[in-house]
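> Sharing a structure here in structure tokens format.
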Amino acid sequence: MFSLEALPGGRALLIGGLQPDGPDAGKDPDPVAGTVLWRREDGFVAGPELLQPRFEHDSAALSDGSVLVFSGRSSHEFEPKIVDVERIDPEGSASEVVGALTEERRDIIAIAEPGDTVVVLGDSFVVAERFDPSTGMSTPLPVDLEFSFTSAFLAPVRSAAWRGNGELVVLGGINGSFDAAWDVQGPQVIDFAGNSSRTIGADAGDATTFRRQALTLPDGSVLLLGNPGQSVLPGPWLMRLDAAADTLTALQEFTDPQTAFSRAPTGVVLADGRVWIVGEPGHDPGVATHFYDPATDALTPGPSLPSPTFPVAAVLLDTGPVLLLGGSGNGYVDPALTAFLLE
């Protein structure tokens with residue numbers, strides 16, 4: 001329920017979320033009104049207070065090192081949602097409101113564009129909007145989708161990544177023929193400039209139990225990792241969408257349907273272009289990690305984690321290492337997070 005962003009100087013910021021062991025322990029977890037700053041020299045310390053508690057939100061880092069925080073909720077009441085956009089300064093010392101969205105959204109994806117505008121999509125009949133922090137204004141981006149994100153409950157957007165051709169690859173939504181919550185669709189690509197969308201791959205309309213994470217590779221291709229479909233079916237868990245052509249290539253497949261992920265794996269693109277993947281089919285929580293090399297499409301073993309872990313979030317720090325956050329069990333029962341550093 002929190003978001004994680006890198007700050008200048010090898011730091012990272014955990015933003016918002018829920019606090020299962022707060023004053024309402026045993027009831028609904030408390031929304032978090034603050035942030036937590038991670039620094040290598042002293043671990044986790046208190047960061048700036050948010051102007052509103054937030055969970056089910058997202059954030060995006062800008063080129064100047066500041067972070068924008070979008071949407072979410074400040075209470076467990078279904079309404080209201082938050083439209084104010086907060087900016088956390090590069091020092092991680094203060095937050096201010098810098099504008100507002102046009103739509104109330106939750107369980108959204110915020111993804112930065114060149115020029116420091118940010119596209120926010122999900123949980124609305126208006127597919128997306130583009131926020132410009134220099135003006136504080138947001139512009140609706142209505143596009144007819146193959147799989148719409150009309151509701152955070154019935155049609156959530158799960159992940160998104162830019163292709164090298166300027167299109168946005170998105171997983172999530174619902175195509176209208178299913179009558180069940182949390183059926184994840186996709187991938188589909190959205191061309192905001194051309195005001196169009198289309199599905200990619202033969203399994204685009206299949207209901208999926210877990211999301212695939214989408215990561216942009218250095219050549220503009222997109223890597224998809226996670227369960228491919230219903231968890232009782234075998235299939236690829238690592239796929240690559242070509243940078244220019246609508247071609248999906250399966251890279252790694254489940255050999256046994258019982259080895260599907262119970263929690264989605266986490267990947268992060270490294271400075272040298274490889275991808276570090278945490279999570280191994282059939283071992284949740286586990287200690288195994290892998291490196292994926294886009295130059296050869298090879299998957300090789302990475303360093304083992306010190307203890308079995310469910311990966312939660314990872315971010316590449318500007319000083320080179322990767323910060324991984326994970327837990328050993330159910331976050332509502334044991335909310336503790338452990339930080340791992342990949343040197």
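The values are calculated or read from the model by the stated rules, or taken from the named source; none is laboratory data. Keep in mind that what you see is a predicted model, and the values were worked out from it rather than measured. Ideal geometry is used to build each Cβ from the backbone, glycine not excepted, and the neighbour counts take in all protein chains shown. Accessible surface areas use protein heavy atoms only, side chains included; no ligands, DNA or RNA. Shrake-Rupley method; radii C 1.70, N 1.55, O 1.52, S 1.80 Å.
> Whether any residue in the range 82-92 is assigned to a loop (DSSP other than H, G, I, E, B), at negative phi, at pLDDT below 90 and in contact with a strand residue (DSSP E or B) (Cβ under 9 Å, 6 or more places away or on another chain) is what I want to check.
Checking the range 82-92: not a single residue is assigned to a loop (DSSP other than H, G, I, E, B), at negative phi, at pLDDT below 90 and in contact with a strand residue (DSSP E or B) (Cβ under 9 Å, 6 or more places away or on another chain).
> Somewhere in the range 61-73, is a residue part of a strand (DSSP E or B), surrounded by 18 or more Cβ atoms within 10 Å (Cβ to Cβ) and β-branched (Val, Ile, Thr)?
Yes: one or more hits.
> If you don't mind, another one. Find all pairs meeting these conditions: Cβ atoms under 6 angstrom apart; at least six residues apart or on different chains; first residue within the range 30-52 and more than 11 Å from residue 15 (Cβ to Cβ) and at pLDDT below 90; second residue open to solvent by less than 30 Å² (accessible area, probe 1.4 Å) and aromatic (Phe, Trp, Tyr).
31/55
> Further question on the same structure: Criterion first (modelled with pLDDT under 95, open to solvent by less than 60 Å² (accessible area, probe 1.4 Å), closer than 15 Å to residue 270 by Cα and not hydrophobic (A, V, I, L, M, F, W, C)) does residue 320 satisfy it?
yes
> Restricting the first residue to the range 233-261 and requiring it to be within 22 Å of residue 280 (Cβ to Cβ) and open to solvent by 60 Å² or more (accessible area, probe 1.4 Å), which pairs with a second residue that is modelled with pLDDT of 85 or more and not in a strand (DSSP E or B) meet a Cβ separation below 9 Å and a spacing of at least six or different chains?
Sorted first by the residue in the range 233-261, then by its partner, the pairs are 249/242; 249/297.
> List the number of the failed condition for residue 341; all other conditions in (1) aliphatic (A, V, I, L, M); (2) open to solvent by 50 Å² or more (accessible area, probe 1.4 Å); (3) not in a strand (DSSP E or B) hold.
Every listed condition holds for residue 341 apart from (3).
> Please count how many residues of the range 228-271 are closer than 19 Å to residue 171 by Cα, at pLDDT below 85 and of a type in the set (Val, Ile, Thr).
0
> I'd like the full set of residues that are touching a residue at least 40 places away in the same chain (Cβ under 8 Å), in contact with a Phe, Trp or Tyr (Cβ under 8 Å, 6 or more places away or on another chain) and farther than 13 Å from residue 120 by Cα, limited to the range 157-174.
169, 172
> So residue 96 fits all but one of (1) buried (at least 22 other Cβ atoms within 10 Å of the Cβ); (2) at pLDDT 95 or above; (3) not hydroxyl-bearing (Ser, Thr, Tyr); what number is the exception?
Every listed condition holds for residue 96 apart from (1).
> Looking only at residues that are modelled with pLDDT under 95 and in contact with a Phe, Trp or Tyr (Cβ under 7 Å, 6 or more places away or on another chain) in the range 272-288, which one is surrounded by the most Cβ atoms within 10 Å (Cβ to Cβ)?
Per the stated criteria, the residue is 279.
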